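The values are calculated or read from the model by the stated rules, or taken from the named source; none is laboratory data. For clarity, every value in this text was computed on a predicted model and none was experimentally measured. With ideal geometry, Cβ positions are generated from the backbone for all residues, glycine too; neighbour counts draw on all protein chains shown.
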Amino acid sequence: MSARDRLRANDTRFHALATTFSADEWAHPSLCDGWSNHDVLAHLVVGCSAPAAAVAAEMVRHSGSFDRANAAMARTLAASRTPADLLDDFNALIRRPRGLGRYFPPQLLLGDHITHELDMLFALGREPAIPANALIAVLNTQVSVPNPFVPAYRNSRGLRLVATDADWTHGQGPLVRGQAAELVSVLGNRPAMLSRLDGDGVDMLTSRVSRHLIRRAE
């Protein structure tokens with residue numbers, strides 16, 4: 001399966017799941033700091049449709065910060081579109097992405113979409129049912145390719161990572177073991193799932209995630 005086909009299949013699965021969310025679940029805070037699940041959905045739509053020029057202009061308004069521009073665009077869209085509206089938008093973009101969604105590497109978009117799905121589900125106390133092959137594809141990309149938006153490459157250095165529910169291992173060093181979805185979430189700097197991991201490398205990983213969160217807050 002090509003990376004583009006894997007992204008499309010994953011997004012179709014996620015869309016079907018997201019249509020089952022209640023109004024309270026959409027309003028619930030996600031694991032993505034400061035964003036509701038509604039905001040996260042808006043971010044997914046922005047990422048598949050925003051023109052590069054619009055992103056650049058928003059960054060100028062936010063002193064060159066991509067993170068602040070990204071958050072502002074998501075919140076602005078969420079304020080003007082209901083979750084049902086955004087799900088319709090997202091469904092159309094699965095088949096025909098626009099703007100940056102046409103050019104951004106699909107393997108990186110897959111990681112972004114799955115990480116944010118986990119932001120929603122874990123915050124709601126719902127267990128994910130993401131296919132193992134999609135999670136493995138995300139893990140393989142994120143621990144192998146430095147990404148300015150996702151610190152999984154840095155977080156994974158010098159650790160031996162083992163998925164307990166999928167055929168995936170990576171690296172050498174102190175052990176960190178957990179389900180594949182939990183590893184994706186924590187390596188992406190979501191500390192909520194740290195308590196589910198075990199191994200003598202968990203303290204090292206916790207320190208790395210904590211340092212990143214402190215820097216973001218400064």
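The set of residues in the stretch 1-55 being closer than 26 Å to Ala192 by Cα, assigned to a loop (DSSP other than H, G, I, E, B), among the small types (Gly, Ala, Ser) and over 14 Å from the mean Cα position of the chain (by Cα) consists of Ser22, Gly34. Selection of the stretch 107-157 for residues being small (Gly, Ala, Ser) and either more than 19 Å from Phe21 (Cβ to Cβ) or part of a loop (DSSP other than H, G, I, E, B) (or both) yields Gly111, Gly125, Ala129, Ala132, Ala134, Ala137, Ser144, Ala152, Ser156. Among the residues of this structure, Arg96 counts as one that is surrounded by fewer than 19 Cβ atoms within 10 Å (Cβ to Cβ), of a type in the set (D, E, K, R), assigned by TED's automatic domain parsing to the domain that holds Ala16 and more than 19 Å from Cys32 (Cβ to Cβ). Here the condition is being among the hydrophobic types (A, V, I, L, M, F, W, C), in contact with a strand residue (DSSP E or B) (Cβ under 7 Å, 6 or more places away or on another chain) and surrounded by 14 or more Cβ atoms within 10 Å (Cβ to Cβ); of Val150, Val184, Val143, it holds for Val143 alone.
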